[in-house]
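**Student:** Please find one structure pasted underneath; my questions will follow.
The values are calculated or read from the model by the stated rules, or taken from the named source; none is laboratory data. All figures in this text were calculated on a predicted structure; none of them were measured in a lab. All Cβ positions, even for glycine, are placed from backbone atoms using ideal geometry, and neighbour counts span all protein chains on display.
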Amino acid sequence: MAEPPVPPRAGANPLRAIRGMNDILPPESARWEWFEDAVRRVMHSYGYRNVRTPVIEPTALFVRGLGEVTDIVEKEMYSFVDSMNGDELTLRPENTAGVVRAAIEHNLLYDGGKRLFYIGPMFRHERPQRGRYRQFHQVGVEALGHPGPEIDAEVILMARALWRELGLGDVRLELNSLGQPDERRAHREALIAHFEAHRGELDADALRRLHTNPLRILDTKNPAMAPVVEGAPRLADYLGAASRAHFESVCRALEAAGQAYTVNPRLVRGMDYYNLTVFEWVTDKLGAQGTLCGGGRYDPLVQMLGGKPAPGIGWGMGIERVLDLVGELGLGPQAAAPDVYCIVPDAAAAATALSVAESLRAQGLSVLVHAASAEGQGSMKSQFRRADASGARHALVFGAQELAAGCVSVKPLRDAQAAQTTQPVADLALWAAALRAA
């Protein structure tokens with residue numbers, strides 16, 4: 001018989017999280033819950049329904065959907081071969097392709113357009129820094145099957161509604177139109193000619209993209225290339241009448257809703273599937289990582305992934321980055337605190353304390369029951385210190401005398417003027433209501 005494995009000695013080479021993939025712990029997790037609750041309220045108010053897709057998808061989904069020469073596919077995807085069956089798989093770097101794949105696979109558009117939203121983790125292998133992590137989280141919306149410009153305005157205004165729900169006022173909207181594929185092809189040829197004429201001023205990334213994806217050169221963060229980018233042909237000059245009309249309709253709808261915006265002719269998106277309207281919500285409060293939300297229309301994507309042609313538009317929002325801004329502005333909830341902390345002086349009172357706590361929870365109160373250590377219950381003084389540190393508004397004391405009389409003592413912890421009272425356990429529903437109101 002094999003010997004059982006020997007457990008590692010305490011403190012020997014403790015395992016750590018993967019770099020760029022972070023634990024979210026209390027009390028910070030309370031801010032995430034607050035944010036996610038706000039998202040759900042806004043989504044439901046617009047009639048959007050939740051969709052949940054796998055975090056692992058076929059690698060081909062992203063190669064086909066995002067484009068082989070995008071930064072994500074070339075440098076950032078966590079891809080691997082399944083050792084069981086040889087399938088090429090990837091941890092999702094974004095979720096639009098996955099949602100569209102699900103819509104095609106399950107024939108979601110058979111009875112008309114769908115409005116969907118998601119919340120979840122994404123994965124990209126990039127240098128971890130503030131606002132950019134290897135596992136990061138996004139909330140996103142996808143409106144599928146709706147061709148008109150009014151849906152473009154709707155999804156943009158949904159993001160505005162979320163900023164308002166969160167109390168974020170200093171977020172700006174930038175817009176552009178990428179037109180249609182034939183218009184971009186004409187613009188692409190003009191871009192290549194322009195950048196070829198300034199080849200000596202291009203950095204390595206720009207040279208690599210010159211003949212594969214020159215539009216992405218416009219999105220360079222290299223300040224040395226600013227003059228050559230500023231002088232590049234503008235896509236707006238290549239748009240046809242239909243593309244111009246679509247963009248103008250989006251702008252008019254936003255103006256009618258009182259939403260200010262800036263037309264940014266250099267605004268592009270990192271995926272190949274975008275057309276017509278693209279947009280970003282940006283802030284100056286987070287330094288270089290100022291984009292909070294980005295998206296646009298992606299009418300070619302459904303057909304690119306094997307479905308019947310259908311229009312789509314959506315956005316993705318980085319949760320970590322939004323919560324960075326929330327923290328900078330001092331917004332969000334305080335650490336969650338229980339309503340009641342149960343003081344249990346004696347082990348014999350533990351069962352009664354647990355029973356009363358369950359009844360109080362059924363009445364809608366949050367209750368924390370003191371848990372004994374290996375050494376025992378601990379002194380009353382130490383338990384009251386824990387009760388105070390928990391932030392609870394009331395302490396319930398399960399002393400021997402009170403229990404013998406069928407009662408508990410209720411001590412206010414946040415109001416020095418309020419008196420301690422003794423309450424019958426049999427009348428719990430009555431005084432529980434008073435604790436809720438206090």
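**Student:** Can you pull out the residues in region 217-242 that are in a helix (DSSP H, G or I), in contact with a helix residue (DSSP H, G or I) (Cβ under 6 Å, 6 or more places away or on another chain) and under 16 Å from Gln180 (Cα atoms)?
**Tutor:** Across region 217-242, the qualifying residues are Leu235, Tyr238.
To keep it simple, each residue is scored yes or no on (1) more than 20 Å from Val263 (Cα to Cα); (2) in contact with a helix residue (DSSP H, G or I) (Cβ under 8 Å, 6 or more places away or on another chain); (3) at pLDDT 95 or above.
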| position | (1), (2), (3) |
| --- | --- |
| Asp152 | no, yes, yes |
| Ile156 | no, yes, yes |
| Glu165 | yes, yes, yes |
| Val171 | no, yes, no |
| Arg184 | no, yes, no |
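**Student:** Still on this structure: Identify, please: which residue in region 128-158 is more than 12 Å from the chain's Cα centre (by Cα) and part of a strand (DSSP E or B) and is, among those, surrounded by the fewest Cβ atoms within 10 Å (Cβ to Cβ)?
**Tutor:** That would be Gln129.
**Student:** In this structure, does Asp284 turn out to be of a type in the set (Asp, Glu) and out of contact with any Lys or Arg (no Cβ under 9 Å at 6 or more places or on another chain)?
**Tutor:** Spelling it out, it is not the case that Asp284 is of a type in the set (Asp, Glu) and out of contact with any Lys or Arg (no Cβ under 9 Å at 6 or more places or on another chain).
**Student:** A further question on this structure: Given (1) of a type in the set (Gly, Ala, Ser); (2) in a loop (DSSP other than H, G, I, E, B); (3) in contact with a His (Cβ under 7 Å, 6 or more places away or on another chain), where does Gly169 come up short, assuming only one miss?
**Tutor:** (3)
**Student:** Right, something else. In region 69-117, what residues are closer than 20 Å to Gln303 by Cα and without any contact (Cβ under 8 Å) to a residue 24 or more places away in the chain?
**Tutor:** Of everything in region 69-117, those that are closer than 20 Å to Gln303 by Cα and without any contact (Cβ under 8 Å) to a residue 24 or more places away in the chain turn out to be Val73, Glu105, His106, Asn107, Tyr110, Asp111.
**Student:** Consider His125 against the criteria (1) surrounded by 18 or more Cβ atoms within 10 Å (Cβ to Cβ); (2) farther than 27 Å from Ala260 by Cα; (3) in contact with a Phe, Trp or Tyr (Cβ under 7 Å, 6 or more places away or on another chain): it satisfies all of them except one. Which criterion is unmet?
**Tutor:** His125 satisfies all of (1) surrounded by 18 or more Cβ atoms within 10 Å (Cβ to Cβ); (2) farther than 27 Å from Ala260 by Cα; (3) in contact with a Phe, Trp or Tyr (Cβ under 7 Å, 6 or more places away or on another chain) except (1).
**Student:** Looking only at region 324-374, which residues are touching a residue at least 40 places away in the same chain (Cβ under 8 Å), assigned to a strand (DSSP E or B) and among the aliphatic types (A, V, I, L, M)?
**Tutor:** Passing the criteria: Val340, Ile343.
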